[in-house]
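The values are calculated or read from the model by the stated rules, or taken from the named source; none is laboratory data. What you see is a predicted model; the values in this text were computed from it and never measured. All Cβ positions, even for glycine, are placed from backbone atoms using ideal geometry, and neighbour counts span all protein chains on display.
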Amino acid sequence: MVSKKAKWVAPVALASIVGLTACGGGSGESSSAAADVESGPIEFSMFSADSNSNWVGMKDKVGAAITEKTGVTLAAEYAIGGDTQKVSLMVASGEYPDLIMPKGDTSKLVEAGALVDLTDLIENYAPNIKKMYADDMNRLKYSKEDQSIYIIPTYTGVGQTSFDAGGGFELQLEVLKELGYPEIRTLDDYEKAIKEYYAKNPTINGQPTIPLTLNADDWKIMIGVTNPAFQATGLPDNGEFYINPETYESQLHYKRPEEKEYFRWLNKMYNEGLLDKETFTQKSDQYLAKISSGRVLGTINQEWDYSEAENALKGSSDATTQNRIFGHFPVTLSEEYKDHSFMDVGFPGGYGIGLTTNLSEAEQIRAIKFLDWLASDEGQVLVQWGIEGEHYNVEDGKRVIPQEIQDRKTNDNVAFTKETGIGMYTTMSPHYGDGVQDATGNYYTTNFPEQIQNAYTQPEKDALKEYGATTWKDLFPAADELGTSAWGAAYNLPAPTDSAYTVAFQKSQDIVRKRIPEAILAPAAQFDGIYDGMIEELNSADIVEMEKIFTQQIKDTVELWGTGK
């Protein structure tokens with residue numbers, strides 16, 4: 001990527017940029033924040049390590065409103081597909097964009113001296129960001145040794161309370177309906193439901209029924225194949241590691257004997273013809289095409305990865321087709337385990353947005369003020385709700401989404417997002433999480449119980465009623481059953497920069513991504529030999545040393561955050 005220096009363009013009158021009124025339900029602080037944004041349009045270059053096929057260059061309605069109110073436009077580049085090389089190429093060339101969202105590559109940029117320490121900028125120019133992270137500033141610091149703030153976390157909202165389940169083990173609502181809404185709690189329950197329906201319905205719409213398929217394309221193998229192994233055996237998500245909650249000792253989670261039994265179950269499903277034989281060869285678009293055909297009975301994934309395919313089913317005029325979307329269940333190896341999806345990890349920090357040394361000091365100030373405006377009440381309402389009178393109304397003091405707008409969000413989400421930009425700017429802006437209310441008593445986000453329930457399709461509402469639930473989350477263990485995490489979510493922490501860690505970690509990933517599919521696809525009699533051989537490889541001296549390095553990082557994080565026992 002060629003570095004694109006921030007460009008000042010012809011100044012305009014200050015009043016034309018900051019003559020603002022707060023969006024409906026705002027607290028009033030936003031106007032003062034906006035008034036502090038300097039005059040003069042400016043363009044910043046930005047790179048995100050995530051892909052974003054909906055980006056239209058801020059020509060959507062929210063993007064245009066952001067530019068109108070701040071004078072800022074973004075020349076943004078998003079990673080394509082699973083491309084993870086862009087940040088490394090930047091470091092090699094020494095050329096950087098103005099703003100960057102590096103995901104897991106923050107450490108590379110820090111080592112290269114490419115990121116600006118935001119500590120003083122936040123203190124002096126970002127009152128809304130200071131207010132937002134007031135109780136969590138320690139969690140923004142890079143490390144125990146280097147307590148600079150290089151990244152403002154934006155992937156997780158401050159004060160986040162999840163009101164719905166977007167993951168777990170998915171089963172088609174039509175399967176549940178035909179079988180009389182059976183209990184789906186263990187792998188045996190899940191398998192039994194798939195088998196029973198499949199035996200009665202070998203084809204759907206004239207095509208072969210697919211009992212179970214997974215998305216194992218590139219890095220998504222972690223989401224759809226390997227992460228479920230710890231989810232089904234009672235662990236919270238700490239990326240590739242199991243972390244002992246008492247000692248903080250860390251090891252690759254695959255080494256736990258109970259996880260071997262989860263992968264043995266997948267091997268059994270494959271050998272019985274229930275796991276899609278194309279699971280490890282299909283690309284994401286092929287996986288999505290199968291789901292949108294309505295012939296996939298089950299998958300194990302996060303809804304964000306397949307929601308686009310479900311929208312085609314939701315928009316059908318055929319009632320049975322509408323019922324071929326998925327419900328979410330907290331399935332585990334056996335009833336002795338609890339799904340930990342909703343364990344309290346506090347504010348986890350982690351992935352977000354930073355400023356690079358490509359910016360002059362004056363431009364750094366302008367950039368932090370831009371991010372601070374996005375963190376203001378006015379900015380929060382705009383990026384989450386859209387434009388008052390067009391995407392929501394204020395009735396009796398409450399923000400309300402008209403039904404026709406909600407229907408578009410539910411059934412035509414891609415086109416809706418491209419047109420409106422609602423939700424598109426959330427991961428680039430500091431933001432409050434679901435469940436947090438502003439001074440008017442309105443939620444900052446549109447994800448709260450009443451709105452979530454309103455957004456469900458009728459088949460979802462019908463299925464949930466049969467299970468005595470109002471949301472899918474109701475079926476999962478509650479946070480107060482699961483304890484708390486002293487280190488947040490480990491996958492959010494910057495990767496250790498020690499080369500011994502980096503090389504060994506990549507080696508472990510190469511081993512896992514080769515051996516796990518090999519074990520699942522093997523004849524049952526060969527499974528143990530392949531899996532045990534993988535564990536031997538993962539017990540090599542360099543990988544064990546890598547685990548020790550990560551253990552120390554967890555201990556240092558707990559000390560830095562002051563969350564130890």
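Quick rundown of the values:
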item	result
Which listed residue is assigned to a helix (DSSP H, G or I) and not hydrophobic (A, V, I, L, M, F, W, C), from Glu77, Glu123	Glu123
Test set (1) closer than 21 Å to Gln509 by Cβ; (2) in contact (Cβ under 8 Å) with a residue 40 or more places away in the chain; (3) not in a strand (DSSP E or B) - Ser307 fails condition number	(1)
From the options Asp462, Asp474, residue that is in a helix (DSSP H, G or I), under 22 Å from the mean Cα position of the chain (by Cα) and among the acidic types (Asp, Glu)	Asp474
Evaluation of Ala216 against (1) without any contact (Cβ under 8 Å) to a residue 12 or more places away in the chain; (2) farther than 21 Å from Thr551 by Cα (one fails), failing number	(1)
Long-range neighbours under 6 Å by Cβ, at least six apart or interchain, first residue closer than 16 Å to Gly167 by Cα within the range 461-474, second surrounded by 17 or more Cβ atoms within 10 Å (Cβ to Cβ) and modelled with pLDDT of 95 or more	Thr471/Asp164; Trp472/Asp164; Trp472/Ala165; Trp472/His328; Lys473/Asp164; Lys473/Ala165
Pairs, first assigned by TED's automatic domain parsing to the domain that holds Ile353 in the range 137-148, second basic (Lys, Arg) and not in a helix (DSSP H, G or I), C-beta under 9 Å, six or more apart	Gln147/Lys141; Ser148/Lys141
Hey, Asp480 out of contact with any Pro (no Cβ under 6 Å at 6 or more places or on another chain), closer than 30 Å to Met137 by Cβ, among the acidic types (Asp, Glu) and in the same structural domain as Ile223 (by TED's automatic domain parsing) or not	yes
Residue list for the range 141-160, restricted to those being over 20 Å from Asp98 (Cα atoms) and of a type in the set (A, V, I, L, M, F, W, C)	Val158
Checklist (1) modelled with pLDDT of 95 or more; (2) touching a Phe, Trp or Tyr at 6+ places or on another chain (Cβ under 8 Å); (3) in a loop (DSSP other than H, G, I, E, B) applied to Pro494, failing item	(1)
Selected residue (only one of Tyr242, Tyr248 is of a type in the set (Phe, Trp, Tyr), out of contact with any Asp or Glu (no Cβ under 8 Å at 6 or more places or on another chain) and not in a loop (DSSP other than H, G, I, E, B))	Tyr242
Failed item in (1) touching a residue at least 24 places away in the same chain (Cβ under 8 Å); (2) surrounded by 17 or more Cβ atoms within 10 Å (Cβ to Cβ); (3) not small (Gly, Ala, Ser), with Ile405 passing the rest	(1)
Search result, residues across the range 487-542 that are surrounded by 13 or more Cβ atoms within 10 Å (Cβ to Cβ), more than 31 Å from the chain's Cα centre (by Cα) and not aromatic (Phe, Trp, Tyr)	Ala522, Gln526, Asp528, Ile530, Gly533, Ser540
Filter pass, Ser334 being outside the structural domain of Asn124 (by TED's automatic domain parsing), within 30 Å of Leu297 (Cα to Cα), without any contact (Cβ under 8 Å) to a residue 24 or more places away in the chain and outside any strand (DSSP E or B)	no
Criterion: part of a helix (DSSP H, G or I), touching a Ser or Thr at 6+ places or on another chain (Cβ under 7 Å), touching a residue at least 12 places away in the same chain (Cβ under 8 Å) and farther than 24 Å from Asp480 by Cα - qualifying residue of Glu196, Glu174, Glu191	Glu174
The lone exception for Lys473 - which of (1) basic (Lys, Arg); (2) outside the structural domain of Thr332 (by TED's automatic domain parsing); (3) surrounded by 15 or more Cβ atoms within 10 Å (Cβ to Cβ) it fails	(2)
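One line per residue, one yes/no per condition, for (1) of a type outside the set (Val, Ile, Thr); (2) under 25 Å from Tyr133 (Cβ atoms):
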site: Trp373; (1), (2): yes, yes
site: Asp377; (1), (2): yes, yes
site: Ile387; (1), (2): no, no
site: Asn393; (1), (2): yes, no
site: Ile401; (1), (2): no, no
site: Asp407; (1), (2): yes, no
site: Val414; (1), (2): no, no
site: Tyr425; (1), (2): yes, yes
